[in-house]
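K.L.:
Following this message is one structure expressed as C-alpha cells.
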Amino acid sequence: MEINFVKLQGNGNDFVLIDETDGVVIPEDMKGEFAKLYCDRRFGVGADGILFISRSKKANVGMRLIQPDASEAEMCGNGIRCLAKYAYDMKYVEKKCSVETLAGVLDVEVEYNGDEFSATIDMGYVKFERADIPAVGSGEYLEEINGLTVYAANTGVPHAVIFTESVDKTDLCGIAPEIRFHKSFPEGANVNFAEVTGENEITIRTYERGVEDETFSCGTGSTASAAVAFKTKKTSDTVLVNTRGGPLTILLSDGRAKMKGPAETVFYGVISL
C-alpha cells in the first residue's frame, strides 16, 4: 500500500497533509498511531502534526489535525493556512473559501504575490471567559501560577499568555509544562510567553499542547497573545507578532480576530506500507 502525502510549513510550523477528499486513506482507529509514527523526526517524516483534508457539507473543505501524541486539536492557525494553500493549488477552492474545523467553520482568503503565498484567516471571536477557554471558575481568566501572571484566551484552542521582559531568556520548556497541565485548565492549554518588542509589535515563544514542546510558530497562539496585548493596552488593534519561524499579522476588531501569514509547500512524498 502506498500513501501519498505533502509536507507543508507555515513559519516553520510543519505538517504532513493526507488528502482524503476522495475517501478515507487512514482508517479512523489508526489515525492517532499514524500521527505518532510519522510525526517522529528520526523514524518518520517529521512534523508538528498530520493534517487531513476532506469534503465538507458545511464548508468548501474540511480539516482535521492529529498531533504527535495522537490527540486531535480543535484548530490550528498555521495548519489551516497550509491546508488552504494545498486546497487552492489543487483547485479545490477559490481565493475566498471556507474550512470546517472542530472549532467551527472559518472563512479564508488566499493570495499569491509572485510565488509567495499568504492567507488571511477569520479566526472568529476571541473568547476570554473561563467557561469558553475552558478553565475552572467564572469570569475572565487571570491567575498567579508560580509567581507568574497568566492570562488565557480561546482562539480556536485554549492558550495561556504570560508577558516577560525577555522571551530569549525564558526557560520555556522548563516552565511551560506546569502551566500547560495546571488544574485550572481541564483540557490543558498551550503556553505562550510574549515580549513587547516595539510599537504594536510583540515577540512570542509557544509551547504547544499535543506536541509537548516548543514549536517555531503557532497561529492560534499568536492570535491569543496579540488579543491579550491589545486587551491590556500594550498594543493597538493591529499587531505584528514575531515567532521563531517568522512574522504574522493579527488584526483585531469588535472582539474578532484575523490572522495573515505565509505557507509553503516543502515536498511531495510517498509512504510505502
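K.L.:
Pull up region 194-225, narrow it to residues that are acidic (Asp, Glu) and part of a loop (DSSP other than H, G, I, E, B), then point me to the one that is modelled with the lowest pLDDT.
P.N.:
At the first step, the residues of region 194-225 found to be acidic (Asp, Glu) are 195, 199, 201, 208, 212-214.
In the following step, the residues that additionally are part of a loop (DSSP other than H, G, I, E, B) were identified as 199, 212.
Values: Glu199: 94, Glu212: 97.
Here the residue is Glu199.
K.L.:
Being more than 19 Å from the chain's Cα centre (by Cα) and either under 21 Å from Asn190 (Cβ atoms) or outside the structural domain of Thr243 (by TED's automatic domain parsing) (or both): is that true of Arg41 here?
P.N.:
Judged against the criteria, Arg41 is a match.
K.L.:
Among the candidates Phe267, Phe181, which residue alone is without any contact (Cβ under 8 Å) to a residue 12 or more places away in the chain and under 29 Å from Ile26 (Cβ atoms)?
P.N.:
Values: Phe267 fails: without any contact (Cβ under 8 Å) to a residue 12 or more places away in the chain.
Result: Phe181 is the single residue among Phe267, Phe181 that is without any contact (Cβ under 8 Å) to a residue 12 or more places away in the chain and under 29 Å from Ile26 (Cβ atoms).
K.L.:
Can you tell me which residues in region 137-156 are more than 15 Å from the chain's Cα centre (by Cα) and either crowded, with 19+ Cβ neighbours inside 10 Å or not assigned by TED's automatic domain parsing to the domain that holds Phe230 (or both)? Spell out how you get there, then give the answer.
P.N.:
The initial filter retains those residues of region 137-156 that are more than 15 Å from the chain's Cα centre (by Cα), namely 137-152.
Hits for region 137-156 are Tyr141, Val150, Tyr151, Ala152.
K.L.:
Checking the condition touching a Lys or Arg at 6+ places or on another chain (Cβ under 6 Å), over 24 Å from Phe117 (Cβ atoms), not assigned by TED's automatic domain parsing to the domain that holds Cys39 and not in a loop (DSSP other than H, G, I, E, B), which residue from Val191, Val228 passes? Walk me through how you get there before you give the answer.
P.N.:
Numbers: Val228 fails: touching a Lys or Arg at 6+ places or on another chain (Cβ under 6 Å).
Answer to the check: Val191.
For every residue, the table says whether it meets (1) surrounded by fewer than 21 Cβ atoms within 10 Å (Cβ to Cβ); (2) within 29 Å of Ile133 (Cβ to Cβ); (3) touching a Cys at 6+ places or on another chain (Cβ under 7 Å).
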site	(1), (2), (3)
Asp22	yes, no, no
Lys31	yes, yes, no
Lys36	yes, yes, no
Asp40	yes, no, no
Ile50	no, yes, yes
Ser56	yes, yes, no
Ala59	yes, yes, no
Leu65	no, yes, yes
Ser71	yes, yes, no
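K.L.:
Just the residues that are touching a residue at least 60 places away in the same chain (Cβ under 8 Å) and among the β-branched types (Val, Ile, Thr), please, taken from region 75-104.
P.N.:
Once the filter is applied, which keeps residues that are touching a residue at least 60 places away in the same chain (Cβ under 8 Å) and among the β-branched types (Val, Ile, Thr), region 75-104 yields only Ile80.
K.L.:
Hey, among the residues in region 254-273 that are touching a Ser or Thr at 6+ places or on another chain (Cβ under 9 Å) and not in a loop (DSSP other than H, G, I, E, B), which one's nearest to Asp115 (Cα to Cα)? I'd like the intermediate steps shown before the answer.
P.N.:
Of the residues in region 254-273, the ones touching a Ser or Thr at 6+ places or on another chain (Cβ under 9 Å) are 257-263.
Subset that is not in a loop (DSSP other than H, G, I, E, B): 257-262.
Details: Ala257: 26, Lys258: 23, Met259: 20, Lys260: 17, Gly261: 14, Pro262: 11 Å.
So, considering only residues that are touching a Ser or Thr at 6+ places or on another chain (Cβ under 9 Å) and not in a loop (DSSP other than H, G, I, E, B), the one nearest to Asp115 (Cα to Cα) is Pro262.
K.L.:
Do the conditions hold for Pro134, that is, is it buried (at least 22 other Cβ atoms within 10 Å of the Cβ), out of contact with any His (no Cβ under 6 Å at 6 or more places or on another chain) and not assigned by TED's automatic domain parsing to the domain that holds Cys97? Even if it seems obvious, please write down each step before you answer.
P.N.:
Working: buried (at least 22 other Cβ atoms within 10 Å of the Cβ): no; out of contact with any His (no Cβ under 6 Å at 6 or more places or on another chain): yes; not assigned by TED's automatic domain parsing to the domain that holds Cys97: yes.
Taking the combined requirement at face value, the residue does not satisfy it.
K.L.:
A further question on this structure: Can you tell me how many residues in region 78-102 are part of a loop (DSSP other than H, G, I, E, B) and surrounded by fewer than 19 Cβ atoms within 10 Å (Cβ to Cβ)? Show your work before the answer.
P.N.:
Filtering region 78-102 down to residues part of a loop (DSSP other than H, G, I, E, B) leaves 90-95, 102.
Now drop any that are not surrounded by fewer than 19 Cβ atoms within 10 Å (Cβ to Cβ), which leaves 90-92, 94-95, 102.
Looking only at that region, the number is 6.
K.L.:
Here is a follow-up. Out of all the residues in region 107-131, which are without any contact (Cβ under 8 Å) to a residue 60 or more places away in the chain, of a type in the set (Asp, Glu), surrounded by 14 or more Cβ atoms within 10 Å (Cβ to Cβ) and out of contact with any Ser or Thr (no Cβ under 7 Å at 6 or more places or on another chain)?
P.N.:
Kept after step one, since they are without any contact (Cβ under 8 Å) to a residue 60 or more places away in the chain, are these residues of region 107-131: 107-115, 127, 129-131.
The next check asks that each one be of a type in the set (Asp, Glu); those that pass are 107, 109, 111, 115, 129.
Subset that is surrounded by 14 or more Cβ atoms within 10 Å (Cβ to Cβ): 107, 109, 129.
If the condition is that a residue be without any contact (Cβ under 8 Å) to a residue 60 or more places away in the chain, of a type in the set (Asp, Glu), surrounded by 14 or more Cβ atoms within 10 Å (Cβ to Cβ) and out of contact with any Ser or Thr (no Cβ under 7 Å at 6 or more places or on another chain), then Glu129 is the only one that fits.
K.L.:
Next up: Kindly indicate whether any position in region 176-184 is out of contact with any helix residue (DSSP H, G or I) (no Cβ under 8 Å at 6 or more places or on another chain), part of a helix (DSSP H, G or I), surrounded by 21 or more Cβ atoms within 10 Å (Cβ to Cβ) and at pLDDT 95 or above.
P.N.:
Checked region 176-184: at least one residue is out of contact with any helix residue (DSSP H, G or I) (no Cβ under 8 Å at 6 or more places or on another chain), part of a helix (DSSP H, G or I), surrounded by 21 or more Cβ atoms within 10 Å (Cβ to Cβ) and at pLDDT 95 or above.
K.L.:
Still on this structure, please answer the following. So, in region 254-273, how many residues would count as being crowded, with 16+ Cβ neighbours inside 10 Å and closer than 21 Å to Asp19 by Cα? Steps first, please.
P.N.:
Quick first cut of region 254-273, residues crowded, with 16+ Cβ neighbours inside 10 Å only: 257-264, 271.
If we keep only those that are closer than 21 Å to Asp19 by Cα as well, we get 262-264, 271.
So the answer is 4.
K.L.:
Would you pick out the residues in region 29-77 that are within 29 Å of Asp122 (Cβ to Cβ), of a type outside the set (Gly, Ala, Ser) and in a helix (DSSP H, G or I)? Walk me through how you get there before you give the answer.
P.N.:
The first filter runs over region 29-77 and keeps only residues within 29 Å of Asp122 (Cβ to Cβ), leaving 31, 35, 39, 47-69, 71-77.
Then drop every residue that is not of a type outside the set (Gly, Ala, Ser), which leaves 31, 39, 48, 50-53, 55, 57-58, 60-61, 63-69, 72, 74-76.
The one that is within 29 Å of Asp122 (Cβ to Cβ), of a type outside the set (Gly, Ala, Ser) and in a helix (DSSP H, G or I): Lys31.
The values are calculated or read from the model by the stated rules, or taken from the named source; none is laboratory data. Quick caveat: nothing in here was measured; it's all calculated off a predicted structure. Every residue, glycine among them, receives a Cβ derived from its backbone with ideal geometry; neighbour counts consider all protein chains shown.
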